[in-house]
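**Student:** Input: one structure, supplied below.
Laboratory data are not the source of any read-out in this text; all were calculated from the coordinates shown. Everything quoted here is computed from the prediction, not taken from an experiment. For neighbour counting, all protein chains shown are included, and Cβ atoms are generated from backbone atoms with ideal geometry for every residue, glycine included.
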Ligand code: AMP
Ligand code: FE
Ligand code: FE
Ligand code: ZN
């Protein structure tokens with residue numbers, strides 16, 4: 001079984017539409033794929049309707065969160081929620097708030113670049129995105145690439161958009177413990193994404209993850225392209241201590257990122273644990 005539980009579509013900042021994502025998953029030889037767009041479930045229906053024969057779809061989302069880092073500061077963290085009820089009023093309201101917040105923040109980033117003479121048009125950038133799409137830095141990076149300022153999305157991040165970089169602006173994200181409880185209350189399964197990916201910015205101390213287990217955290221993403229061997233080893237040991245589900249996933253973003261679907265995978269026993277814990281919506285089979 002080949003299982004990839006973290007992938008983005010054009011419903012957030014991936015480049016494959018949901019239909020293309022499930023087709024690409026089948027073409028990559030996956031048996032199970034999860035659609036986990038940032039702060040939205042907008043791609044679920046399209047992905048479900050286009051599900052190729054034999055492919056299993058786990059519907060999910062990646063929640064943009066902020067957490068105490070365990071050292072007196074805070075850290076940006078991403079929470080994957082699987083198989084939750086998309087009708088949950090608290091999740092719906094929070095995702096709507098974040099979509100507005102994401103547009104506000106990306107507009108200010110684009111305005112600052114335009115003010116410094118870069119050929120980006122904040123109005124064109126925001127108007128070019130579907131109104132309900134969670135706007136993110138990859139969209140601004142794409143505009144910079146289209147304008148010939150950079151040769152790739154990665155270059156735009158490396159030069160301008162990295163966390164703490166010259167045009168970086170933070171966001172008012174969801175408190176992670178609140179997000180964990182929201183996902184659980186909606187019958188979903190919360191799994192912390194790329195928790196020790198230190199190249200992305202400050203990461204949380206192990207004690208923070210242990211505390212989230214009391215809020216209902218079910219698992220950690222151990223095998224992720226942004227985790228080096230040391231990060232994997234430390235997270236796997238922590239997961240064993242806390243009896244957490246361990247996942248592995250590519251965090252595929254289409255051509256916005258140089259990772260392949262199925263580049264990292266999840267053990268079938270772990271996927272079964274996730275499905276057994278969930279009561280929001282079922283996994284779907286094409
Ligand atoms: P944002 O949601 O606006 O904070 O942007 C974060 C998104 O940018 C995440 O989905 C990451 O996958 C993506 N990202 C972060 N760093 C890079 C990078 N160096 N190259 C391409 N995408 C990146
Ligand atoms: Fe992303
Ligand atoms: Fe993420
Ligand atoms: Zn992701």
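**Student:** For segment 221-277 and segment 4-63, what is the separation of their C-alpha centers, rounded to whole Å?
**Tutor:** Cα centroid of segment 221-277 versus Cα centroid of segment 4-63: 17 Å apart.
**Student:** If you take the beta carbon distance between residue 236 and residue 131 as r and set R0 to 41 Å, what does 1/(1 + (r/R0)^6) give as a FRET efficiency, to the nearest 0.05?
**Tutor:** E between residue 236 and residue 131, to the nearest 0.05, is 0.50.
**Student:** For a footprinting-style exposure proxy, rank 64, 249, 76 by other Cβ within 10 Å, fewest first.
**Tutor:** Working: 64 24, 249 29, 76 19.
Sorted ascending by nearby Cβ count, the order is 76, 64, 249.
**Student:** Among 124-134, 92-102, how do they line up from the highest to the lowest mean number of other beta-carbon atoms within 10 Å?
**Tutor:** 92-102, 124-134
**Student:** Further question on the same structure: Note down, for segment 1-51, the three equivalent ellipsoid semi-axes (square root of 5 times each alpha carbon gyration tensor eigenvalue), biggest first, whole angstrom.
**Tutor:** 17, 11, 9
**Student:** Bin by bin, in steps of 5 Å, what percent of the Cα pairs in the chain do you find, going until the bin that has the longest distance?
**Tutor:** Once binned at 5 Å, the Cα pair distances of the chain give 1, 6, 13, 17, 20, 18, 14, 8, 3, 1, 0.
**Student:** Per 10 Å bin, what percent of the C-alpha pairs of segment 130-207 does each bin hold, from zero upward?
**Tutor:** 15, 34, 34, 15, 2
**Student:** A further question follows. Sort 257-266, 65-74 for me by packing, meaning the mean count of neighbouring Cβ atoms within 10 Å per residue, highest on top.
**Tutor:** Those peptides, ordered most packed to least, come out 257-266, 65-74.
**Student:** Given the options 148, 14, 29, which has the most mean-square fluctuation in a GNM of the chain, springs set between C-alpha atoms less than 10 angstrom apart?
**Tutor:** 148
**Student:** Here's a follow-up. What order do you get for 108, 176, 189, 281 when you list them from fewest to most C-beta neighbours inside 10 Å?
**Tutor:** So the residues, fewest neighbours to most, are 108, 281, 189, 176.
**Student:** For a footprinting-style exposure proxy, rank 215, 116 by other Cβ within 10 Å, fewest first.
**Tutor:** Numbers: 215 15, 116 11.
Lowest to highest Cβ neighbour count: 116, 215.
**Student:** Something else: To the nearest 500 deg cm²/dmol, what mean residue ellipticity at 222 nm is calculated for the chain from DSSP H runs of n ≥ 4 alone, each contributing -39,500 (n - 2.57), summed and divided by the residues? Mind dumping the intermediate values first?
**Tutor:** On the way: 10 runs with 107 residues, N = 286.
The per-residue figure over the chain is -11000 deg cm²/dmol.
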